[in-house]
Each structure stands twice: as C-alpha cells, then as structure tokens.
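Colleague: Okay, handing you the structure first.
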Amino acid sequence: MKAYHLQHGIALEQDSQFFFAAGEDWNSFINNDNALIQSAEWINSGKAQPINHIEDDALRAPIGNQQELWACGVTYLRSKIGRQEESKDSGGADFYAKVYEAERPEVFFKSTPHRVVGHGEKVRIRKDSTWDVPEPELTLIVTSSGKIIGYTIGNDMSSRSIEGENPLYLPQAKTYDACAAVGPCIYLTDKPLCKETAITLSINRADKTVFEGSITLSQMKRTPEELVSFVFREASFPFGCLVMTGTGIVPDSSFTLKSGDEISITIESIGTLVNIVA
C-alpha cells in the first residue's frame, strides 16, 4: 500500500489502483500506528473513492507540518570512506572511522518541514559551498510511539566542502533552505524491507547522465530499528518524525552538483523521487 500527500486529502495506491480519501488529515494519518489498516478500511468501506491517476504536480512532501526530519550518517562502509577522504586535511578522518565501529551511531537533526521539498520541487546547494552532493537515503516514517509504519525516499543534500573543512560545521553543511527532499509517497507495510532492496541514484546534466550509482540495504551496518532507538533516546516526538538512514552512494571527489542538474533516486517498492537543483 502506498499513500500520497495531496493538498485536499490523501491518495492511496493498492495493486496499481488509485483511491482518494477527500478531506483526510495528513498530520493525523502519518502519526497513526495503524495507518496501513486504516488505509485498507478506507478503501473497503468506500470512504476512499477510485480515481484514474495522480498528477505529479499535485504531490506534496510526505512530512507532517509539525514533524522533524532527522538523519543518520556513516551507516555504510562507502560513506565512512567518503567522509574520511573529505576530512583528511582537517584532521577529522578518525572521527568517521570511530563512529562507524561505535555502539552509538551518528544521528543529527536535519530539518523542519518548511526546509523540506517534495517530488518535482527544487533542492538547493549553498552559495558558500564549492563541493555539493545529493545523498540518496531510505527514510523511515516513525510515529510518536517509535513505531516504523512505512518508508519513503529521501535526498539529504550535503555540502562536502563545508563538512570536510571541520566536522563541527556539520549543521551548516546539512541544514539550510531546501536542504532535503522526500517523496513521492509513503510505502506502508508491517514488514521490514528486503535486505536486497536496491537504492539507485542517477544525475543528469544537459540531457546527459553524469553520475550513476546503486547499493542494496544489505550493505547498511545498522538496522532501521536501531537507528530509531537512538533518535528517540531522551527525545520525544509527539507528532512523529522522519528518519533518514544514511547513504551508501558517494560520488568521488571530482564530482559536484550544479544548478539545473536533475537528481533521480529510486528505491524498489517505493518509487522514484525526482528533483532539480535550483
């Protein structure tokens, strides 16, 4: 079951058929431990009416207007290596090696909803940055009780030049206007995603592919449940939250994003998130 955030309600997709629950509140829906059951009830009862399709320009970012977006780092070996490369001149490389092996993962606050964009909208790179990349990440939909009710696609935009200069600059490298994209939908399920689920990233520039990469969830060092448990330690989320789980696709040091680049991130079972760099 997939759920889409629309302006005047919630759209559902089941077995390639679409339904629309008019007037339903996304904020309540996304913080419901039984969202999957509720979705099926809406369809079976006729509360969600059949529709032909969903227009891309009708989609909104699947985040509640009072939720926070958190993120995790160095959860894949490739990410550890990439972070060590970017921070070697500043002497910060050891920090990333240590956190990869440590019991406590790297978790950090990424964004409030007004800095998050949805499918088809524009993400940004900082004007004071010289080396910028998208970070394609499986993103968890977590209720206030700490339950993972579903998954979406996340793009954790990041300034590698700023973070590489000094790890203490992480908030500036990660949090700014249009610094994250999530969407296009939420994949609702009561089962964990298969370890062989693939994440793929493609970046097009002037109608040419300038970067491609892929990885499977089997390469993630930590489980989604483990990451959520650390996010929720000593922190409450009365409206639920979204948690990005880290990236395993890291372009090499010769690549940086440019204005006009088209970023496409695909995760099996969820779909494809597409954004243009402003």
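Colleague: Would you work out what percent of the accessible area of segment 92-206, with all protein chains in place, is carbon or sulfur (probe 1.4 Å)?
Modeller: Of all accessible area on segment 92-206, carbon and sulfur atoms account for 53 percent.
Colleague: Using the Karplus curve 6.51 cos²θ - 1.76 cosθ + 1.60 with θ = phi - 60°, what ³J(HN,Hα) values do you get for each residue of segment 199-210, in whole Hz, with x for Gly and Pro?
Modeller: 10, 10, 10, 9, 10, 10, 9, 6, 6, 10, 7, 9
Colleague: Hey, can you rank 195-204, 264-273, 158-167 by average C-beta count inside 10 Å, highest first?
Modeller: Working: 195-204: 17.1, 264-273: 19.4, 158-167: 21.2.
Top to bottom by mean Cβ count within 10 Å: 158-167, 264-273, 195-204.
Colleague: Related question: List every residue whose amide H lies under 5 Å from the amide H of Glu106, counting only residues 5 or more places away in sequence or on a different chain, with H placed 1.01 Å from N in the peptide plane.
Modeller: Gly73
Colleague: What is the percent of Cα-Cα separations in the chain that go past 36 Å? Mind showing how you got there, number by number?
Modeller: Values: 4481 of 38503 pairs.
Above the 36 Å cut-off, the chain has 12 percent of its Cα pairs.
Colleague: Also: First select every other residue whose beta carbon is under 12 angstrom from the beta carbon of Pro184; then total the charges, Lys and Arg +1, Asp and Glu -1.
Modeller: -3
Colleague: Turning to a different aspect of this structure: Give me a comma-separated list of calculated 3J(HN,Hα) values for segment 177-188, in order, Karplus coefficients 6.51, -1.76, 1.60 applied at θ = phi - 60°, integers in Hz, x for any Gly or Pro.
Modeller: Once θ is set to phi - 60°, the couplings for segment 177-188 become 4, 6, 8, 8, 10, 9, x, x, 8, 10, 8, 8 Hz.
Colleague: For segment 94-232, what is the accessible area per residue in Å², given a 1.4 Å probe and the full set of protein chains?
Modeller: Result: 44 Å² per residue.
Colleague: Continuing with the same structure: Between Ala102 and Arg205, what is 0.36 nm times their sequence separation minus the Cα-Cα distance? Round to one decimal in nm.
Modeller: Additional length available on full extension: 33.2 nm.
Colleague: Let me ask you something else. About the Cα centre of segment 169-278, what is the dipole size in debye to 20, counting +1 per Lys and Arg Cβ and -1 per Asp and Glu Cβ, all else neutral?
Modeller: Working: 9 positive and 12 negative charges, 34 e Å.
It works out to roughly 160 debye.
Colleague: Go through segment 252-263 residue by residue and turn each phi into a ³J(HN,Hα) via Karplus (6.51, -1.76, 1.60, θ = phi - 60°); whole Hz please, and just put x for glycine and proline.
Modeller: Whole-Hz 3J(HN,Hα) from phi for segment 252-263: 6, 5, 7, 9, 9, 5, 10, 4, x, 4, 9, 9.
The values are calculated or read from the model by the stated rules, or taken from the named source; none is laboratory data. Fair warning: this is a prediction, and the values are worked out from it, not measured in the lab. Cβ atoms come from the backbone with ideal geometry, glycine included; neighbour counts cover every protein chain shown. Side chains included, ligands, DNA and RNA excluded: accessible areas come from the protein's heavy atoms. Shrake-Rupley method; radii C 1.70, N 1.55, O 1.52, S 1.80 Å.
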